[in-house]
Amino acid sequence: MNKLLTELKIEAGKLARSQPTPQFYRDAETQLEFSHGMFFDHPLVIRLQEDVLPFLYDEYAHGIYHSKKVSIEAGAIVLKDGDHLPPETVRELVLLAQFCGLLHDSCRLDDDHAIRGAETSRVILNKYPLSERNKDLIAKSIARHEAFKPLTPIVDDPELELLSGALYDADKFRWGPDNFSTTLWEICDYEDWSVNEIIEKFPNGLDMIKSIESTFRTDTGKKYGPEMIEQGMTIGADIYKRLVEMAASPEYSPYNKDKPTV
């Protein structure tokens, strides 16, 4: 990564750390603690972490770090929103949410990556001791996690509605501060974009992030997601302004048109 982008990444990280802790992490502390414990202690989740590693894209910001956060937070959302279901069902759905989080981006660079990821989940889970119903819930939830895609309404399946909504919302929480502290820079490196290309793409990227604000699906996502998106937008707007300023500075002129060097 070139000097200009390296300095911007550092600034973005500082901006992200300066934001107040999103309310979700305070209000869902108990649920997050439970989900965190399951992620690191449940033998099937540990096994899946190892099995799914070859399918993840760390260099494209959709690797184990991203998947871990989505898994744990999807589990917490299930716990917060699952009071209309029997406790044993909710506990099982927390486990399935963590499976969804680990598997959802297994085909991230493919066209229709959610559909491909759903298909891949069935292959990976073929020998896992899960019921066909649970494998189906996982695959259908993964198939529904992509933004800006038309969805068939869920009819009379509260478990699928909760599980798929929790996966979607936990994934879209990452469009907040995480997007500018980690995701953006790893994608820039992977795509080998020049500074001018990043400047050109940035406004449209901010518009896409803003549009996520109204798409959260669970009660928890609708309550807490917009705050995360707004924090991301605040960081993004500041970084875009700084990017334009730095690109025009003689100090960084060698990096204005050249491809970033890894």
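The values are calculated or read from the model by the stated rules, or taken from the named source; none is laboratory data. Note that this is a predicted model, so its numbers are computed, not measured. Don't worry about glycine lacking a Cβ; one is built from the backbone with ideal geometry, like all the others, and counts go over all protein chains shown. With ligands, DNA and RNA removed, areas are computed over all heavy atoms of the protein, side chains included. Shrake-Rupley method; radii C 1.70, N 1.55, O 1.52, S 1.80 Å.
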Legend entry - Local electrostatic count at Ala139 - Lys and Arg +1, Asp and Glu -1, tallied over other residues with Cβ under 12 Å: +3
Legend entry - Top of His113, His84, His42 by mean-square fluctuation, Gaussian network on the chain, Cα under 10 Å: His84
Legend entry - Two-decimal Rg/Rh across the chain, once Rg and the Kirkwood Rh are taken from alpha-carbon atoms: 1.00
Legend entry - Share of carbon and sulfur in the accessible heavy-atom surface of the stretch 143-262 [1.4 Å probe, %]: 52
Inset, instruction - Using a 10 angstrom cutoff on alpha carbons, build the Gaussian network for the chain and name the most mobile of Ile138, Ile46, Ile154. - result: Ile154
Legend entry - Pairs beyond 24 Å (Cα-Cα), from Lys69/Lys222; Lys80/Lys149; Lys149/Lys241; Lys3/Lys201; Lys149/Lys223: Lys80/Lys149; Lys149/Lys241
Inset, instruction - Report the residues of the stretch 70-100 in range of a label on Lys223: point 7 Å along Cα→C-beta, backbone N strictly under 12 Å from it. - result: 77-83
Inset, instruction - Using a Förster distance of 51 angstrom, determine the FRET efficiency expected from the C-beta separation of Thr89 and Thr6, and round it to 0.05. - result: 0.60
Inset, instruction - Between Ser211 and Thr152, take the C-beta separation as r, use R0 = 22 Å, and let me know the FRET efficiency to the nearest 0.05. - result: 0.55
Legend entry - Spin-label zone in the stretch 71-86 - amide nitrogen under 16 Å from a point set 7 Å from the Cα of Ser131 along the C-beta vector: 85-86
Inset, instruction - Measure nothing but the geometry: give the 0 to 90° angle between the long axis through the Cα atoms of 219-248 and the longest principal axis through the Cα atoms of the chain, rounded to 10°. - result: 20
Legend entry - Cα-based Rg and Dmax for the stretch 40-118, where Dmax is the largest Cα-Cα distance (Å): 13.1, 40
Inset, instruction - Please identify, among Leu162, Leu79, Leu243, the residue showing maximal mean-square fluctuation in a Gaussian network model of the chain using a 10 angstrom Cα cutoff. - result: Leu243
Inset, instruction - Please report Rg over Rh for the stretch 89-214, where both radii come from the alpha carbon positions and Rh follows the Kirkwood definition. - result: 1.02
